[in-house]
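The values are calculated or read from the model by the stated rules, or taken from the named source; none is laboratory data. If you're wondering where the values come from, they're calculated on a predicted model, not measured in any experiment. Virtual Cβ from ideal backbone geometry, glycine too; neighbours counted across all protein chains shown.
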Amino acid sequence: MSSDTGLRELLGLGDYMRMWGARLASTAAQQMLMVAVGWQMYELTHSAWDLGLVGLYQFVPALMFTLVAGHAADRMHRGRIIAACLVAQAVVALVLLAATAGWAQAGSWLGRDLLLGLSVVLGLARAFQMPAQQALAPLLVPAPLLPRATAFNSAGTEVAVIGGPALGGLVFVAGAGAVYGVCLSLLLLAAVLALRLRYRHVAPAHEPVTLASVSAGLTFVWRSKLLLGAVSLDLFAVLLGGATALLPMFAKDILQVGPWGLGLLRAAPAVGALLMSLVLTRWSIERGVGHKLLAAVAVYGLCMLAFGLSTSFVLSLLVLAISGAADMVSVVIRMTLVQLETPDEMRGRVSAVNSIFIGASNQLGEFESGATAAWLGPVGSVVLGGVGTLLVAAAWLRLFPALAHRDRMQGS
């Protein structure tokens, strides 16, 4: 299949494009929502601790309920689960809009406790949305188009991640209420698109909800060395190699570029990831997927080494952009393999396990970076992480031969 034919076929799939539009709108809304919530929390409390709690109050519920959410995604209509989660987030935006409208009035109910309570609701909604969303793509596109679909999904996500906060900042000029109003509109639009999804849903045979059935995704991943290698590769590579948490230190003390430079440093990996996702949408990876996966992780590690040692702002931007592109190659290959190697009746629970690994790698990676920076300094922390990522790529070559030597996305 030629690149143009495959792309045209993908864009012609109505249900897939509706799901893609829902992902784009909801991700942009979620990014804008966090900009406004974080700003209001800091205006109310002037506490960095409270800003951290906003993220923690979203992460903990997501971690606690993700396996249950995966079980639900395997038993219920995934499009309706997604729509319900988007409606819940729209209600949060509506509550914040109403609270913000009365902020200046005496006795306003906008406060720290409300923002933290609504953060819990957002975390719960995201916990159920993500496994259903990840498990839905194979039902909307033919298997040969799944790598392109994964790349195109990632392109939309990166556009929303880059553009959402920027749009939120612009709209914030008119006040936080305006941001919540835009978020409300985007989330309701996404919910309508999700409700319009049509695919063949076969209700599974009645099965009692037990610990074994809820944790079946963990068991399935553990028994499949290919899947275990794929999801654990992301965990350890990002855990060791991530440098996001240390970017303020590099911007201020090493590169000396100030807040504007920090913004560019944070955007560089997303820009690289976006460009690579567009490339992979047009030209999908056909052969040597295992070796290309491990090579992408190794390139990511080399970029972290170069970034840690760089004293040039331009070079730092370049290697961060390349690291984002390499990470996107890894993401597309891993996500496609996980979906293709998992039977549909297990996709929700396996996607939930994958979500846990991704969330843990991001959260624990930031902690690991901070802890090693306190011990070795920021340069030592990033360099050590880059070396660790290279060692992980080499180790996975030997520990998971089924993954390393996988030739095609489908089959061996």
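Within the range 78-95, the set of residues being surrounded by fewer than 20 Cβ atoms within 10 Å (Cβ to Cβ), in contact (Cβ under 8 Å) with a residue 40 or more places away in the chain and under 13 Å from Phe128 (Cβ atoms) comprises Arg80, Ala84, Val87. Restricting the range 42-77 to residues that are over 25 Å from Gly348 (Cβ atoms) and among the aromatic types (Phe, Trp, Tyr) leaves a set whose member that is surrounded by the fewest Cβ atoms within 10 Å (Cβ to Cβ) is Trp49. Out of the residues in the range 382-412 that are under 12 Å from Gly288 (Cβ atoms) and surrounded by 21 or more Cβ atoms within 10 Å (Cβ to Cβ), state the one that is modelled with the lowest pLDDT. Per the criteria, the residue is Met409. Among the residues making up the range 276-322, none is crowded, with 19+ Cβ neighbours inside 10 Å and on the phi > 0 side of the Ramachandran plot. Give the range 322-344 a look and list any residue that's of a type in the set (Asp, Glu) and in a helix (DSSP H, G or I), or say none. Passing the criteria: Asp327, Asp344. Identify, from the list Pro165, Pro131, Pro138, Pro147, the residue that is over 25 Å from Val87 (Cβ atoms) and in a helix (DSSP H, G or I). On inspection, the qualifying residue turns out to be Pro147.
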